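Quick one: structure below, then a few questions.
We did not get these values from a lab; they are worked out from the coordinates using the rules stated. For clarity, every value in this text was computed on a predicted model and none was experimentally measured. Here the Cβ is made from the backbone with ideal geometry for all residues, glycine too, and neighbour counts use every protein chain on show.
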Amino acid sequence: MSTRHILNTLWQKLRGSSDSATPPDLRKVMIPAGAFTMGDLLDGDEDAKPVSNVFVSAFYIESCPITWGQWKSVQTSARNHGYNFRHVDRAHGEAHPVQSVTWHDAVKWCNARSEREDKTPVYYEDPGLTRIYKSGELAPHPNWAANGYRLPTEAEWEKAARGGKSGLRFPWGEKISLSQANYNGNQNGKIFDLGPNGHPLALGKKGMPYTSPVGSYAPNGYGLYDMAGNVWQWCWDRYGSPYSGGNDPRGPAAGSFRVLRGGGWCSDSNNCRVAYRLGYNPSARTQGSGFRTVLPMDE
């Protein structure tokens, strides 16, 4: 079977999911409290070290990245209540993940969603936590005791991505293929990439690849979709190497970049590894950057 035939088969499978349909499994998933092994030594990636034992308290996380439909529903009302967002790409349908979102806008969207659902926002402009962060680009002060939506910490994201498994390269195992995630297949020099080479969605406008509707691929052990590929996902933490271990780590106290995890539709298989970390300018609208939110357990 030719590579072209395989890619076309994958394309037709994904196109079978209506780009404008409501995703069938948008829900919050409880991640149990417990320790897990963060990082790995599998591929000599210095950024994935040191491997450490990290304890994470229980929390809820979105089963899928935030969709374009979800983003729009909150953004529309938020702009009438003092919130300001930079331009966000329209995405390819209601059920596709919103993408090209800055870290700052993701944080403000979390606050707007919290207010819309009568929850206490997490992020504030001032240390006294009196001015809700709604506009501009700054390093907000978090109220970790609030019951509102927020970005996951790096430790929370990685624990969730591993799906209850330990020591694996990807959420499901040691290898990856285009039947398991939306990424740019490249078997050349990657023993863990089963490909085929190319991109399953590279048949769209001008031959450019793009996102797939959330939930198009099998979930991990916790029932979470797109923890590898489709869109990069912002985390709360400032980027630093090595990252911190311990109990409920929240990253360095200082630093210019924030962390993206998971890889995206434009990424190769290396970027989709569970332990792969990318530091990026929080004001930048990098291609394929999205996010998902978490809530505390008392919800």
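Explain nothing, just the number: relative contact order of the chain, from Cα pairs under 8 Å at least 6 residues apart, as a whole percent.
Values: 717 pairs, mean separation 71.2, N = 299.
Result for the chain is 24 percent.
Using the basic label-point model (7 angstrom from Cα toward the beta carbon), what is the ALA139 to SER77 distance in nanometres?
Inter-label distance under the simple model: 3.3 nm.
On to the next question. Apply 1/(1 + (r/R0)^6) to the Cβ-Cβ distance of ASN197 and ALA218, taking R0 = 30 Å, and write down the FRET efficiency to the nearest 0.05.
Values: r = 22 Å, r/R0 = 0.73.
Rounded to the nearest 0.05, the efficiency is 0.85.
Moving on. Here is the link list: LYS119/LYS175; LYS49/LYS72; LYS49/LYS175; LYS28/LYS134. Which ones come out longer than 31 Å on Cα distance? Intermediate values should be presented prior to the final figure.
Working: LYS119/LYS175 41 Å; LYS49/LYS72 38 Å; LYS49/LYS175 20 Å; LYS28/LYS134 24 Å.
Cα-Cα > 31 Å for LYS119/LYS175; LYS49/LYS72; rest within.
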